[in-house]
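Single-structure report; data block below.
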Amino acid sequence: VKDSMRGLAVFISDIRNCKSKEAEEKRINKELANIRSKFKGDKALDGYQKKKYVCKLLFIFLLGNDIDFGHMEAVNLLNSNKYTEKQIGYLFISVLISENNELMRLVQQNLKNDLASRNPVHVNLALECIANIGSKEMAEMFAPEIPKLLVMGDAGDTVKQSAALCLLKLFRTAPEMVPIGDWTSRVIHLLNDQHMGVVTAAVSLIEALVKRNPDDFKGCVSLSISRLARIVTSSYTDLQDYTYYFVPAPWLSVKLLRLLQNYPPPEDTTVRNRLAECLETILNKAVEPPKSKKVQHSNAKNAVLFEAISLIIHMDSDPSLLVRACSQLGQFLSNRETNLRYLALESMCLLATSEFSHDAVKRHQETVVTALKSERDVSVRQRAVDLLYAMCDRSNAEEIVGEMLTYLETADYSIRGELVLKIAILAEKYASDYTWYVDTILNLIRLAGDFVSEEVWYRVIQIVINREDVQAYAAKTVFEALEAPACHENMVKVGGYILGEFGNLIAGDARSSPSTQFQLLHGKFHLCSPPTRALLLSAYIKLVNLFPEIREDIIAVLESDANLRNSNVEIQQRASEYLSLARNSTQDVLATVLEEMPPFPERESSILAQLRKKKPAVEDAIRARGEKQQQRPASGAADGAAASAAPTAATPTSGGGGGVKLQGDIAGAESNTDSDLLGLDFGGSAPAAAAGGGGAGGGSVDLLSSILDVGVSSSSSSSAAPSAASGASAQRKTVVVGAGASGSIVGEENWHKFVCKNSGVLYENDILQVGVKCDYQQSSGRIVVYYGNKTPAPLAQFASVINLPDSSLTNQLGIQVKPVGDRVGASEQVNEVITVDCMAEFSACPLLNIRFVYSGVAQSITLKLPLTINKFMQSSEMDSATFFQHWKQLSQPEQECQKIFQAKFPMDAETTKTKILGFGFSLLSNIDSNPANFVGAGIVQTKSGNIGSLFRLEPNQQAQMYRLTVHSIKPGVSKRLCELLETQI
Amino acid sequence: MIGGLFVYNHKGEVLISRVYRDDIGRNAVDAFRVNVIHARQQVRSPVTNIAHTSFFHIKRSNIWICAAAKKNVNAALVFQFLYKMVEVMGNYFGKINEDNIKNNFVLIYELLDEIMDYGYPQNTDTGILKTYITQQGIKSQTKEETTKITNQVTGQIAWRREGIKYRRNELFLDVIESVNLLMSPQGQVLSAHVSGRVQMKSFLSGMPECKFGINDKIVVDSKRQEPGATSGGGNLGGGGKAGHIAIDDCQFHQCVKLSKFDTEHAISFIPPDGEFELMRYRTTKDISLPFRVIPLVREIGRTKMEVKVVVKSNFKPSLLAQKVEVRIPTPLNTSGVQVICMKGKARYKASDNAIVWKIKRMGGMKEWQLSAEIDMLSATDKAKKWTRPPISMNFEVPFAPSGFKVRYLKVFESKLNYSDHDVIKWVRYIGKSGLYETRC
């Protein structure tokens, strides 16, 4: 028997000798015609010939030509008993026959026959073919069969090996087709198999299966550890066939180590010790002198080592191992091999997140910094930056940030953006001295202004405003920075903002006199983009307030056509608004409107969120470490955080309308880009700013008039204003508190439902559902708020804060909160219990502000807590005489509140009755002469005394109107009750 | 303007690279190789745009010749230049192939320096080039010779040097036409045109002025109005019913005085010495098709097909067509062919997927037939249907199918004393097949 197929060899060499594509095509055409004439069917072909021609067809196909015949012959080859013929047949089929070819049935029949064959070689060929085709159909047909082969006692090693790999392939194409059965447990025992090939194949399969349901395969942990132990401790002569350049079974070791990474460290101490021993041995081997100088040897050895290190990192439990791994990696940092350096840096980055090895990693700081400077490969430099970021803490922050800044000058453009973010975060996170922070950020803007995102400079302003001690320094520094002949637009923005706020702090110095400051800023004005110009205009008007002496200069600038008639609407509007403000207002008004910005509420830096978006994996690891560290020191850390967040949000601050305006400006500029500015939710503060203007409520269009309203403060809109001045201040106060409660109020509709009922869903969006259940007894109540996480991911840093929008509420309500944990797990529900004592009657509504981080994005929701005065009201029964007696007693003008309004719901007597009863009033019949009217009484119970209230509701069916009259001892109560009831009927 | 010229072999290795302008960098050489020569999909367009650079290429045997330009150049100019360049190189060292290019690379660079300057084409006339780019080593030229060359190259008649002398004044004139045809199976002409050229070889002394007359419709019409002028002689092939033809467009060698052609419709010129192409033209009307192919295809079931092809020659019986070849494409799943033909030799050529029928000679007004039976293998994939490419033909006939005729060719040389009668003139007509196809 000729086995060499001379014809094929000749054909291939002919093709190779072809000088041009055309010649090749001709030769192929000739060969195809020849094969066609052979396959015509008038002469019987023997197996050898068929095999030869099928081979040629295969070769022609692989050259890129279409083959549309010969399939039948290939399938015929499968019936042969000769290995080579069968093999070629299967090869042709797995390469050429498409899934939905009609010959597939025939092929499948053949595959079945071969799988059942006693000859292991045939079984193997069939398995290989199934895996190579690997279609869904194949999985459907054979996935139930193959596990049997896998665990069959008498099956040969090669069959087991192929079966495992074949099953793995089918599992990857169609996991649902692979049945779960008792074979799973037996598969684990393949790890004990004598044959290393079987073990290697089985580990791959088990790893895939483990991903599906880890619990079924728990047993594999101890088995794989003992297998690993045997490999690691064996000398390289023991596993002759599986020793690769003196490394025993490197692939198997790597796979085993990877498999173990699917499980937490084993609980059984003996097993655990054994694993630790293995890992130690691997680490030991790494230090040994190499047994060969060949690169394959070191590659194989390092592959095992790196996998071991990632397992050590994964377990994160053995400090000594972690430290050893770290020192081993440290050696690689100075290795000649670029890949090794890269991997070492990458693994170290993970090590730095473990608290045990963090210090060990820090020891290599110098090497890493050198790597950053001298490394030729940009990807390695990138890793070095990551590592520096990860190893940074309070002790080395200044040094690392300094190094990063020096590197920034020469860094590649591709990583500059990220580098800038990292520097900004580190500087902020570990800033002990805020002058240093300001210096760093300004340096950053100077060095890489283009890469400094909005968030970075927002953040520096936020911090400067919140820290009184650095304000003067910041003003001085930005002033100096602006003196440079060319400075980046971001620098101008920061400069404009800070000088506008704190320019007065450096005005004493002759070098930075008010007019110099203004000239300096205005010198940059023409070079800036419209948004920056708009910001500068705001800065100018602030300067008017700070330095009345340069008012005329600024008016001249505002008046110029370039601003007053700018084609940009924003600039035009600001110019005209500021102009009239500067011209017409008294110094008092200016001082009020343009007062210093109030401190920003502390929130998670949005820069961090941005970085996380860029590089989720590393950041998550680092954050996870942060959380871990937080949990360790004190269990009450979360409480502390919540408690500390509450006062900052609720503290009344002394910001002015102008401050609000400026804040609103940025919001206006940013709201279309949808970025969460400095973590402050400006979606909410824009309306707050508008509301600050005495409720003019027209958004930014009406801003000027509303600001002026604040200044002149006509008492028309304020509720109780004895004098204009105090009215203004009072109102400003409410405004500020209102602005402090950042976030727009949502779920207003649902809130109204709670006036008459006590449980239900208060708010719901895609992430969170907030349910409320409350019960009240006399003057105290208990509100249970349920937070349901609707997402499959946990909500981190979960905190809820009760805000009192009106400072008087603090005296009126006693609120105690039993807080929730800082985390709401996936699809979990937690509840928060709020106990409320009603001290006195109140009308404002407390706000519930919920904050959390979902998928890296900080979210904030502000809800109105369904806590209204009527909740503390108890219905009271009385006869007609008493009723009228009370009614008359309480008929002074301020005690009575009457409203005539359109019905909000269909005027159905029964529903109205239920609502009134739910509201808290009693319903008294036979009192009113008109039976259609509703009359009732209730007593609001507070700690400071009871407040009796009476009401009368007169429906007018024709006009669909109600007239509601409420009499009460306290004037505020009747008004509030009237308002509340009005919304319900 | 052209930024650079590159020559590659079939593997894409650069044989010649000449950059004329700074806007073409070194990477352009690789860009063309990667995107065109080694492209996964065969690039069929002769112009390829890669990274704002245009690459114009032609292929000669296995050699790729490519011009690169960053500017928006006139593509026709570039191709004309490339063809000229190929012609010049052919005249210098014969066939263009890898070995010849490698052996003559010094010469080629010298030529490239001469025929193009800063991306602008210069004199590409071989005759002139040969006066100063010689292949016989370095021969020190006297000062007079150099000035002579300079004077001549920059002079009014750059294509001919003075002082040429022949003992026998001879003139050869070839009219070479190629006929393109696409015919429907029913014998309807779908498209047909003739592109012809007049090739001349002159061995004339001095600075002779030649006048060339053809039977162009406009010329003839204008002549007819003059008294005494008669229309040209008899009809050779059968084309040109009225004895004159309508030329769609034509172009002349630079030696032809175009002003005279515009005003008098006379082709008057001082010929270069040796071989040159005097004119080129194209006609689409009244073409006498030398052959007619009548196909008859019958499919019997899925595995058998019968083909009958009749070839008719349609010209004077006295004329003899040569190198006649008919190509009948066969289906891609052909497994066997039996051919019967009375005349010529027919063979199934598997490498081309066609039956090739060769007839050495064929007289006019004849009708020969071939029949073939084709066996086919039933294909696994039934969706693909054979598209039946057209039957194509090759031939050579001794007349001009467009009806083009030389009416006269006169030579005047006033300074030397030989007259028109002393010049020996040879005129020859050759009609060749271009793309001569009949659908079946």
Flag for residue A:446 being in contact (Cβ under 8 Å) with a residue 40 or more places away in the chain and in a helix (DSSP H, G or I): yes
Looking only at segment A:230-257, and only at residues there that are of a type outside the set (Asp, Glu), surrounded by fewer than 17 Cβ atoms within 10 Å (Cβ to Cβ) and assigned to a helix (DSSP H, G or I), the one that is farthest from the chain's Cα centre (by Cα): A:240
One residue from A:181, A:197 being at pLDDT below 90 and assigned to a helix (DSSP H, G or I): A:197
Some residue of segment A:469-476 being in contact with a helix residue (DSSP H, G or I) (Cβ under 6 Å, 6 or more places away or on another chain) and of a type in the set (S, T, N, Q): yes
Output for segment B:41-95, where each listed residue is within 14 Å of chain A (Cβ to nearest Cβ) and among the aliphatic types (A, V, I, L, M): B:43, B:63
Within segment B:348-357, tally of residues that are assigned to a strand (DSSP E or B) and within 14 Å of another protein chain (Cβ to nearest Cβ): 5
Subset of segment B:75-109 (residues that are within 15 Å of residue B:58 (Cα to Cα) and in contact with a Gly (Cβ under 7 Å, 6 or more places away or on another chain)): B:96
Any pair with Cβ under 6 angstrom, 6 or more apart, that starts in segment A:103-125 at a residue that is more than 14 Å from chain B (Cβ to nearest Cβ) and ends at one that is assigned to a loop (DSSP other than H, G, I, E, B) and of a type outside the set (Gly, Ala, Ser): A:110/A:78
Residue satisfying all of: in segment B:328-340; in a strand (DSSP E or B) and buried (at least 19 other Cβ atoms within 10 Å of the Cβ); farthest from the other protein chains (Cβ to nearest Cβ) among these: B:328
Matching residues, segment A:55-94, being aliphatic (A, V, I, L, M) and within 14 Å of another protein chain (Cβ to nearest Cβ): A:57, A:60, A:63, A:67, A:72, A:74, A:75, A:93
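Matching residues to (1) of a type in the set (Ser, Thr, Tyr); (2) part of a loop (DSSP other than H, G, I, E, B); (3) farther than 22 Å from residue A:845 by Cβ; (4) over 46 Å from the mean Cα position of the chain (by Cα):
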| residue | (1), (2), (3), (4) |
| --- | --- |
| A:874 | no, no, no, yes |
| A:891 | yes, yes, yes, yes |
| A:907 | no, yes, yes, yes |
| A:926 | no, yes, yes, yes |
| A:937 | no, no, yes, yes |
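Matching residues to (1) within 30 Å of residue B:313 (Cβ to Cβ); (2) of a type in the set (Gly, Ala, Ser):
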position: B:402; (1), (2): yes, yes
position: B:410; (1), (2): no, no
position: B:415; (1), (2): no, no
position: B:424; (1), (2): no, no
position: B:428; (1), (2): yes, no
position: B:435; (1), (2): yes, no
position: B:440; (1), (2): yes, no
Unmet criterion (only one of (1) of a type in the set (D, E, K, R); (2) more than 14 Å from chain A (Cβ to nearest Cβ); (3) crowded, with 16+ Cβ neighbours inside 10 Å) for residue B:345: (3)
Options B:317, B:295; residue that is away from chain A (no Cβ under 14 Å), assigned to a strand (DSSP E or B), out of contact with any Asp or Glu (no Cβ under 9 Å at 6 or more places or on another chain) and in contact (Cβ under 8 Å) with a residue 24 or more places away in the chain: B:295
Matching residues in segment A:91-116 - criterion: being surrounded by 17 or more Cβ atoms within 10 Å (Cβ to Cβ) and over 30 Å from residue A:21 (Cα atoms): A:104, A:106, A:107, A:110, A:111, A:114, A:115
Condition met for residue B:391 (among the β-branched types (Val, Ile, Thr), in contact with a strand residue (DSSP E or B) (Cβ under 9 Å, 6 or more places away or on another chain), surrounded by 14 or more Cβ atoms within 10 Å (Cβ to Cβ) and more than 14 Å from chain A (Cβ to nearest Cβ)): yes
Test result for residue A:73, in contact (Cβ under 8 Å) with a residue 12 or more places away in the chain, of a type in the set (Asp, Glu), loosely packed, with under 14 Cβ neighbours inside 10 Å and closer than 30 Å to residue A:136 by Cα: no
Every pair of residues 6+ apart whose Cβ atoms lie under 8 Å, when the first sits in segment A:22-46 and is on the phi < 0 side of the Ramachandran plot and more than 8 Å from every other protein chain (Cβ to nearest Cβ) while the second is exposed (fewer than 14 other Cβ atoms within 10 Å of the Cβ) and aliphatic (A, V, I, L, M): A:24/A:63; A:28/A:63
Top-ranked residue in segment A:424-443 [being in a loop (DSSP other than H, G, I, E, B) and buried (at least 18 other Cβ atoms within 10 Å of the Cβ); ranked as farthest from the chain's Cα centre (by Cα)]: A:431
Scope segment A:347-379; condition in a helix (DSSP H, G or I) and surrounded by fewer than 21 Cβ atoms within 10 Å (Cβ to Cβ); matching residues: A:358, A:359, A:362, A:365, A:366, A:367, A:369, A:370, A:373, A:374, A:378, A:379
Test result for residue B:360, more than 14 Å from chain A (Cβ to nearest Cβ) and of a type in the set (Lys, Arg): yes
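State yes or no: is residue A:830 modelled with pLDDT of 75 or more and β-branched (Val, Ile, Thr)?
Working: modelled with pLDDT of 75 or more: yes; β-branched (Val, Ile, Thr): yes.
So residue A:830 fits the description; yes.
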Number of the exception - residue B:383 against (1) within 14 Å of chain A (Cβ to nearest Cβ); (2) part of a loop (DSSP other than H, G, I, E, B); (3) modelled with pLDDT of 90 or more: (3)
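The values are calculated or read from the model by the stated rules, or taken from the named source; none is laboratory data. Just so we're clear, the structure is a prediction, and the values are computed from it rather than from any experiment. Counting neighbours? That spans all protein chains shown, and the Cβs are built from the backbone with ideal geometry, glycine included.
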